Every structure is written in structure tokens, then in C-alpha cells.
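See structure below.
Read the figures in this text as sums done on the coordinates, not as results from a lab. Just so it is clear, the structure is predicted and the values come from calculations on it, not from any experiment. No Cβ is skipped: glycine too gets one built from the backbone with ideal geometry, and neighbour counts run over all protein chains shown.
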Amino acid sequence: MTMITPASDVDLTAGELVAIRRAFGPVFESLAETDRRLVAVTADLGGSVNLAGFGERNPSQYFNCGVAEMNMIGISAGLAMAGYVPYAITFGSFLGRAMDHVRQSIGHNKLKVNIVGSHGGISNGKDGPSAHAIEDVGFFRSMPPFAVVVVADANQVGPAIRASVDYPNPVYLRLYREPTPVFYKENPPFGIGKANVLRPGSDVTLVACGPHAGYCLRWIDVWSKDVSVELIDSHTVKPLDEEILLESVARTGAVVTVEDHYVNGGLGSAVAELLSERYPVPMQRVGLTSYATSGPYYELLDHVGIGERAVREAIETVLSRRHA
Amino acid sequence: MRSINELEAIARQCRVDALKALWCAQSGHPGSSLSLMDVMVALYHGGIAQHDPAHPDWERRDRVILSVGHAVPGLYSCLAHAGYAPVAKLVGLRQYGTGLEGHAKRGSFPGVECSAGSLGQGLSIGVGLALAARLRSDDTRVFVLMSDGEQEEGSVWEAAMSATKWDLGNLIAVVDKNGNQINGPTSVVMPTLDPIGDKYKASHWSVREINGNNMAQVVAGLNWALKAAGPSVLISHTETGFPISFMMGDYHWHHGVLTSELFLTAMTDLNEPVSDDPDETWMPGYQPVTQEETK
């Protein structure tokens, strides 16, 4: 039974912009107050996810490891071995150096450590490519035990964290820096591995994750007189909601993916893997093809080829391929 | 409490059986399995570590993290002789389905606490375990066993700094300083690796140097570490492959294949009587591979 979010659960009218990462701290704190297994372990970036106050109020549940991502992962593994449920938190861009510790200290030990990569994609636009995370989803997709959740808006943060606490596998949670549109109503339905259909459509399936789900909602409303797009928020990139994707693609016969990530290794690759084995249809992937540069986030989207124009062109291309 | 003589006898037997397993496997890491053996024996057989072989998951046990994961043949032998598994299981070292993994793997063999092999990760895990013990307000201690070459991993020093930040008096590290690593002597591979002890002192650890192949010094050192202020480390000076004549001090025995001839020499070095040709005296449970099977 797939969970379908009817259009009535989506509300763009408020037009409110909220930073997804800022929503993390209060939710985590409210959970950690009653669930003492929860501990935050950071590489000196707890403040970036709004946890500084939590750390001061709860020093026994907050550990700042310094600028030391490998140590953050190892300490989290040790705490998990002893029965705690650590959230290891830093920028997504700085996790790459710690992936061997993720592999062995968490993966081989079969431990439950949830990892939070804030500032996903190019959402930390002005800091430039050293602070952009465009490989992180690929890193964690390739780690056997990990689920990968890319949070779409501030209202999805709470359900995503709550779902991650007792999910049997470790979870990578990707957050974003800049304020992005809030389009889910409060406490939207959420299950790890359960995608949400945001808009039904008949011409093409558009699969998005992260704030792009919200951007696409706006864009497809503008395009609605030309093309009927079925929009899916595939907030879980691993495991994919195979049922909902296959059912949608079987109806539309064409698929476009869009993500704020390198075009290889992320959502597009995951969907391509699924469809190539189970239901091949014309497909276009929208994602970064190289490193970005510094710039305001919303300007960069177009420059790096993940803005409205790129998605529209991909839809035109995939439709022409389907009709060819 | 066992005497030093009794512990030395156990260490000898653990070395014999580690080498028998390594001979069976025709691969593996004898150098550090043997250099680190006295420390492992003191921990598990000398009353240093709180543990219960009948209940490997006992919550109040001390955690022993073998960060130098390739020394695990030595640990298997030490654990087996402590009662965690039948000694006859050692015949399965590095064989499919036996659980005697080539590098330490959590849950694969009773008493093995942590996966390792990619070096430099155990000390951070030890910091996490030591923090957890403090959060639970229990008296468990954490021992992290590392090699000297492993100190070249930067993550060791990330962990070392954080251990003093949180003043983890329940964290005890041992650096098995056998002076060798896979491609050469540590002094050649990384000339400024030494002085290791001073590097820990600079991070405000309690540091003591011992002869790690002298059981009396090992026991005294570990007992000192249990009482030392803050996190403590023993720089444990050892010999690669101790006390095997052809291995001692030779970095090539970081990893190596024991031919039958070398195996017999090693058994002679350890005063272990075995037959001239492979049989059950070479390894309990050993069965010669027939020509039919090798086709």
C-alpha cells in the first residue's frame, strides 16, 4: 500500500521560506528530552543546525568533537555500541573525508548511527564549492546499510527525524542551508522509503528530492496548460519507493529526475537503476555536471543547470524521445 | 590472581596456537599477533580486564578494542584459551564460514568487540565507549590496542585530543611499538613518528613506556594505567614476531606465509613438541588436503 499525499496536503499559498537546517535543532531537542538515548555528536557545526542552545542545556547529550569529522564518526560508533542513538552532524561537504570511518566503524560494526549532512547541494551557495555537497548522496547510497533521506522542506524535518530514530538501519539525513519554500502542511505523512505524489499527471513523471520538490510544484503549475506532469517527492533516495515509481512511470511512459547533486550517483542514478531493470522508459536526469562556483543560491540554480529552464528542457527532451 | 610465571606460560601457549592457525591459513599477520600477545594475555588472563567468557555480552565488562585489526589471530588464540571458544576452532582461521575473519570483525567470534583493519579508527570508538560509560555512571574501562605504524593515521590524534577534552580516565590505550610496518621499519617509513610518547604527553595524556614482551612490566604498566589521571597510554616496546628467531625485528613478518619448515623452527623456538610432518600435533582438527581435493 503506497502512501499518496493528496494535493490538499500541499500548501504553497503561504509562500513562506524557512531554512530546513534551522528546523532540525528544535525537533531534535524535543525528542532528546524524553528519549535519553539520543545524543548529538558534531564536528563543531552543531550551531548550524540550531543545536547550540541544546548543547548548553544538555551537556550530557551533546558532544562537540572539534573540526574532526573522522573522530565524530568514531565517537558516534562507540556511543552506538553502548546503546545510544547518536546523530553525527556536520556539513554534507565535510563528510567525504570520514567515509572510511562510516564504512568500517559504523557499517562493518552494524551500528545504528544517523548522520546529518546540512548545507546539502549548493545551498551554501556563496561559500563556494568547498562547502557545496554534491557527492554526499552518492557516498551514502553506496554504503550497504544506509538509508538516504533528502528533506524537502522545514515541515518534513520533524517527521523525517522521528522516522529515523528507530528505523532499523542507519540513516543519512540531508538538510539545506538557505531558506527554501515550505510547501508541506505541518506534520505531513512520512515514511522512510515511502514517496509522496505531490501532483497527479499523465504526460511525464517528474521525480524530485529536497527543496526541488517545492520548486517543481511551482513550475509545473505554470506549465500546466502545456504539459501534465506527475510530481513525486522521492525524499527517500534509498530505499526507493519502487511501487509508487513503477506505477507512475507505467502510466506516463517517461521520467525526469531533478536533484541538487552531481548528476551521477544520486536520485537520478537510483531511479535509472530501478527502471532499467524493471520498466525501461525514456528518461532524462537533471543534476550538476561539475563543481559549482560561489554565488547566491537561487541564482546558482540556473547557472549549474538545475533550475526551471533545465527541468523544462529535460521534459521536452524526454517527451520527444517517447514520441519518436 | 595468576602469577607472572603462569601468565608467561599462557602467553607461550597462545603464541603456539596462533602460529598453528597462521600455518593452517597459509596467510595472515604473525608479526603483531606475537608482539602484542603479552598485553592481550595480561588483559584477558591476568585479571586486568573485567570480563566473563561465559557471557561475552555482559554489560559491565571492560571493552577491549583491537584497533590494530590485523593482529586478530593473536586475539583469537588468547580468547580461545580464556574460554570464549574451543581452541580447535582456530583451525578455521581465514576460512569461509568459520567466523575467524582475517581482520577483527565485531560479532564474528566471541569476545571480538569491534571491526578493524582500516587503521586509526579504534581510539575514537574507545572515546565514544568511555563517554558512554560515564553517561551510564558505571565503572567499566575501555582498552584500545593500537600499533605504532597506526599512529601515522591522523584520526588517532583527533581522538587523542578529544580524550583529554573529556578527561576520560576510563580510557587506556596501548601502542604496540614493534618498530615495523608493512613496507619497512617505522623509523624509515616515517622518521618523525617518534617520540610517540611525547606526542601523547603534548595532548595531556598520562604516558608510561614499558617492555611489552616482559610480562611483569606489562602487568605493572596496565595496573598503573588503571589508576593514572585522565586517559593513559602505554608505549609498549616489543619485537615483531616475538620470540620467533627468524621473525624478530623483521618487517617482512608484518604479514607472511609460514612454510612447514619455518613452522617447525617456530615450534622449536617455543619449545612446542610437534611431529615431523603435518598432523593433529600441528593443529588440532587439522586434516591434510588430499591431491584429489586440490585438483
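By the count of other C-beta atoms within 10 Å, a proxy for reagent exposure, A:Phe190, B:Phe263 are ordered fewest to most as B:Phe263, A:Phe190. Which residues does the label zone of A:Lys110 cover in the stretch B:94-115, counting backbone N under 15 Å from a point 7 Å along Cα→Cβ? Backbone N within reach: B:97-101, B:105-115.
In chain B, the calculated helix contribution to ellipticity at 222 nm averages -11000 deg cm²/dmol per residue, counting -39,500 (n - 2.57) for every DSSP H run with n ≥ 4. Summarising the overall dimensions of the stretch A:17-181 from its C-alpha atoms, the Rg and Dmax are 14.1, 40 angstrom. Taking every residue in B:152-159 and counting other chain Cβ atoms within 10 Å of its Cβ, the average works out to 5. Highest-first packing order for the peptide set A:308-315, B:93-100, B:35-42 is B:35-42, A:308-315, B:93-100, based on the mean count of other beta carbon atoms within 10 Å.
Taking the DSSP beta bridges in chain B as the whole, what percent of them are antiparallel, to the nearest 5? Mind dumping the intermediate values first?
On the way: 2 of 24 bridges.
Antiparallel: roughly 10 percent of the beta bridges in chain B.
Peptide B:164-173 is shielded by partner chain Cβ atoms: per residue, an average of 1 of them sit within 10 Å of its Cβ. Compared with the dominant Cα axis of chain A, that is its longest principal axis, helix A:242-252 is turned about 20°. In a DSSP loop and with at most 12 other Cβ atoms within 10 Å, the trypsin sites (Lys or Arg not before Pro) in the stretch A:208-306 are A:Lys225. The GluC sites (Glu not before Pro) of the stretch B:121-165 include none that DSSP puts in a loop with a beta carbon having at most 13 other beta carbons within 10 Å. Largest GNM mean-square fluctuation among B:Ser147, B:Ser206, B:Ser67, using chain B with Cα springs under 10 Å: B:Ser206.
Between A:Ala324 and A:Glu273, the distance separating the two model label sites (each 7 Å from Cα on the Cα→Cβ line) works out to 2.7 nm.
Reducing the stretch B:264-278 and the stretch A:252-307 to their Cα centroids gives an inter-centroid distance of 64 Å.
For the stretch B:199-295, the set of GluC sites (Glu not before Pro) satisfying both a DSSP loop assignment and a count of at most 13 other C-beta atoms within 10 Å is given as B:Glu280. If you run the Gaussian network model on chain A, springs between alpha carbon atoms under 10 Å, then out of A:Ser164, A:Ser60, A:Ser93 the most flexible one is A:Ser60. The separation of the stretch B:127-158 from the stretch A:176-192, counted between C-alpha centres, amounts to 38 Å. Modelled label positions at A:Lys185 and B:Ala9, each set 7 Å beyond Cα in the direction of Cβ, lie 7.8 nm from each other. Take the Cα of B:Leu270, step 7 Å toward its Cβ, do the same at A:Leu246, and the gap between the two points is 5.5 nm. Of A:Lys112/A:Lys185; A:Lys112/B:Lys201; B:Lys89/B:Lys177; A:Lys194/A:Lys225; B:Lys165/B:Lys201; B:Lys20/B:Lys105, which sit over 24 Å apart, Cα to Cα? Long pairs (Cα-Cα over 24 Å): A:Lys112/A:Lys185; A:Lys112/B:Lys201; B:Lys89/B:Lys177; A:Lys194/A:Lys225.
Among A:Phe140, B:Phe242, what is the fewest-to-most ranking by other Cβ atoms within 10 Å? Could the numbers behind the result be given before it?
Working: A:Phe140 28, B:Phe242 21.
Lowest to highest Cβ neighbour count: B:Phe242, A:Phe140.
Applied to the stretch A:121-131, the Karplus parametrisation 6.51 cos²θ - 1.76 cosθ + 1.60 on θ = phi - 60° returns per-residue 3J(HN,Hα) values of x, 9, 5, 9, x, 5, 5, x, x, 5, 10 Hz, with x for Gly and Pro.
Nearest 500 deg cm²/dmol is fine: what mean residue ellipticity at 222 nm does chain A get from its DSSP H runs of n ≥ 4 alone, each adding -39,500 (n - 2.57), divided by its residue count? Intermediate values should be presented prior to the final figure.
On the way: 10 runs with 110 residues, N = 324.
Helices in chain A give a 222 nm mean residue ellipticity of -10500 deg cm²/dmol.
Any chance you could give the angle, 0 to 90 degrees and rounded to 10, that helix A:69-81 forms with the longest Cα principal axis of chain A? Orientation of helix A:69-81: about 70 degrees from the principal axis.
So how many Å³ per residue does the convex hull of the Cα atoms of the protein assembly as shown work out to?
Values: hull volume 108.2 nm³, N = 619.
Dividing the Cα hull volume of the protein assembly as shown by its residue count gives 175 Å³.
Going by neighbour counts of Cβ atoms within 10 Å, the residues A:Val249, A:Val237 line up, fewest first, as A:Val249, A:Val237.
Please report the antiparallel percentage of DSSP beta bridges with both residues in the stretch A:17-181, rounded to the nearest 5. Looking only at bridges with both residues in the stretch A:17-181, the antiparallel portion is about 15 percent. Measure out, as a whole number of angstrom, how far apart the alpha-carbon centroids of the stretch B:205-230 and the stretch B:14-88 sit. The stretch B:205-230 and the stretch B:14-88 have Cα centres spaced 19 Å from each other. With a Förster radius of 41 Å, plug the Cβ-Cβ distance of A:Asp221 and B:Leu135 into 1/(1 + (r/R0)^6) and report the FRET value to the nearest 0.05. With a Förster radius of 41 Å, E is 0.25. Build a GNM of chain A with springs between Cα atoms under 10 Å apart, and of A:Pro59, A:Pro188, A:Pro282 the one that fluctuates most is A:Pro59. Using a cut-off of under 12 Å, list every residue of the stretch B:114-139 whose amide N is near the label point 7 Å from the Cα of B:Arg60 along the Cα-to-beta-carbon line. Under cut-off, by backbone N: B:138-139.
In plain terms, if you count all Cα to Cα distances in the stretch B:4-294 and split them into 5 Å steps from zero, the share in each step is 1, 6, 13, 18, 19, 17, 12, 7, 4, 2, 1, 0, 0 percent.
Placing a label point 7 Å from the Cα of A:Lys126 along the Cα-to-Cβ direction, the residues of the stretch A:287-310 whose backbone N falls under 13 Å of that point are A:294-299. Between helix A:308-323 and chain A there is an angle of about 50 degrees, using the helix long axis and the longest principal axis of the Cα atoms.
The mean count of C-beta atoms from other chains within 10 Å of the C-beta of residues in B:130-139, rounded to a whole number, is 4.
The amide H of A:Leu198, built 1.01 Å from its N in the peptide plane, has A:Leu231, A:Ile232, A:Asp233 as neighbours under 5 Å, considering only residues 5 or more places off or on other chains. Structural size metrics of chain A, computed from C-alpha coordinates, are Rg and Dmax of 18.8, 62 Å.
Taken one residue at a time, the phi angles of the stretch A:34-42 give Karplus couplings (6.51, -1.76, 1.60, θ = phi - 60°) of 9, 10, 6, 6, 6, 9, 9, 10, 10 Hz. Gly and Pro are set to x.
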